[in-house]
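Working notes, beginning with the structure itself.
The values are calculated or read from the model by the stated rules, or taken from the named source; none is laboratory data. Please read all numbers here as calculations on a predicted model, not as lab measurements. Don't worry about glycine lacking a Cβ; one is built from the backbone with ideal geometry, like all the others, and counts go over all protein chains shown.
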């Protein structure tokens, strides 16, 4: 099943009466309240708001990155509170090129919920009904069981990979931040030694994802003969990296992994090497 769904496909599914949970994932890293405010002003009719900081991240320690994952137990409780159960088709959207929607998509897939899609083009592609009354989630009557995250790469493996070069580390940040220029979010600029750069916005044509054939060709040129299972995705804090992971899946390149701590975790320890 493709990880993407078009607005027309979604409208047909909603009209058919299928159980669909629309998740508005809009967010702004520089103004964390902006996404919720935008949702409260207008959103896809029936959508709930899913907050990157409150719902899709766990407690920060100062050394585990800006958006660490919640524990499997906490994430199971959040899924239950949001009304997600095994029969729910979850469709995530935002207005930032699907970057935050991709984080929700990855977290659900990584904990065993396969029935999740990202609305291609996000809110800009939607011509269906809109609402302005916030909807409170309806908790699932069937509590979700904690599931470990599948497809994670941890910092120790990334350290070992500098010398072993068993995997390609693919960094989703913009090229200038990758090279330590114009860094305004993290305290130190640069990238993990040996990583290569693929800005997540290169997966898009305007606001929608490029065709699967284009994405396949793009990643083939970038990765050569490297298998998808030998790719570890990184970015600033484990969010935009999910966009590259989703784009690879859309291209039929499945099995790559996520380093969720990403640069914000990596640079928190001065003993870790840095490349510019």
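Checked against (1) surrounded by fewer than 17 Cβ atoms within 10 Å (Cβ to Cβ); (2) touching a residue at least 60 places away in the same chain (Cβ under 8 Å); (3) not in a loop (DSSP other than H, G, I, E, B), residue 220 meets all criteria but (2). Of all residue pairs spaced 6 or more apart or on separate chains, none has beta-carbon atoms under 9 Å together with a first member in region 108-122 that is not assigned by TED's automatic domain parsing to the domain that holds residue 76 and a second member that is assigned to a helix (DSSP H, G or I).
The rows are residues; the columns are (1) surrounded by 18 or more Cβ atoms within 10 Å (Cβ to Cβ); (2) closer than 21 Å to residue 242 by Cβ; (3) in contact with a helix residue (DSSP H, G or I) (Cβ under 8 Å, 6 or more places away or on another chain).
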| residue | (1), (2), (3) |
| --- | --- |
| 28 | no, yes, yes |
| 42 | no, no, no |
| 45 | no, no, no |
| 50 | yes, yes, yes |
| 60 | no, yes, no |
| 65 | yes, yes, yes |
| 74 | no, yes, no |
| 82 | yes, yes, no |
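One line per residue, one yes/no per condition, for (1) surrounded by fewer than 18 Cβ atoms within 10 Å (Cβ to Cβ); (2) over 28 Å from residue 112 (Cα atoms); (3) in contact with a helix residue (DSSP H, G or I) (Cβ under 9 Å, 6 or more places away or on another chain); (4) assigned by TED's automatic domain parsing to the domain that holds residue 94:
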{"site": "143", "(1), (2), (3), (4)": "yes, no, yes, no"}
{"site": "165", "(1), (2), (3), (4)": "yes, yes, no, no"}
{"site": "175", "(1), (2), (3), (4)": "yes, yes, no, no"}
{"site": "186", "(1), (2), (3), (4)": "no, yes, yes, no"}
{"site": "200", "(1), (2), (3), (4)": "no, no, yes, no"}
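Checking each residue in region 1-43 for being part of a strand (DSSP E or B) and more than 15 Å from residue 134 (Cα to Cα) picks out 4, 5, 20. Looking only at region 70-101, count every residue that is on the phi > 0 side of the Ramachandran plot and either free of Cβ contacts under 8 Å to residues at least 12 places away in the same chain or assigned to a strand (DSSP E or B) (or both) and tell me the total. Here the count works out to 0.
Counting only residues that are in a helix (DSSP H, G or I) and out of contact with any strand residue (DSSP E or B) (no Cβ under 7 Å at 6 or more places or on another chain), region 124-157 holds 4 of them.
Identify, from the list 243, 198, the residue that is under 16 Å from the mean Cα position of the chain (by Cα), closer than 16 Å to residue 2 by Cβ and modelled with pLDDT of 95 or more. Going through 243, 198 in turn, the sole match is 243.
Summed over region 260-276, residues that are surrounded by 24 or more Cβ atoms within 10 Å (Cβ to Cβ) and either over 25 Å from the mean Cα position of the chain (by Cα) or modelled with pLDDT under 95 (or both) total 0.
The residues listed here are 40, 18; of these, the one that is closer than 27 Å to residue 249 by Cβ and more than 20 Å from the chain's Cα centre (by Cα) is 18. Screening 108, 154, 170, 119 for residues that are out of contact with any helix residue (DSSP H, G or I) (no Cβ under 7 Å at 6 or more places or on another chain), within 27 Å of residue 91 (Cβ to Cβ) and modelled with pLDDT of 95 or more leaves exactly one candidate, 108. Every condition in (1) within 27 Å of residue 127 (Cβ to Cβ); (2) in contact (Cβ under 8 Å) with a residue 40 or more places away in the chain holds for residue 51 except the one numbered (2). Take the conditions farther than 21 Å from residue 262 by Cβ and either free of Cβ contacts under 8 Å to residues at least 40 places away in the same chain or assigned by TED's automatic domain parsing to the domain that holds residue 203 (or both) and apply them to residue 43. Does it pass? Against the criterion (farther than 21 Å from residue 262 by Cβ and either free of Cβ contacts under 8 Å to residues at least 40 places away in the same chain or assigned by TED's automatic domain parsing to the domain that holds residue 203 (or both)), residue 43 does not qualify.
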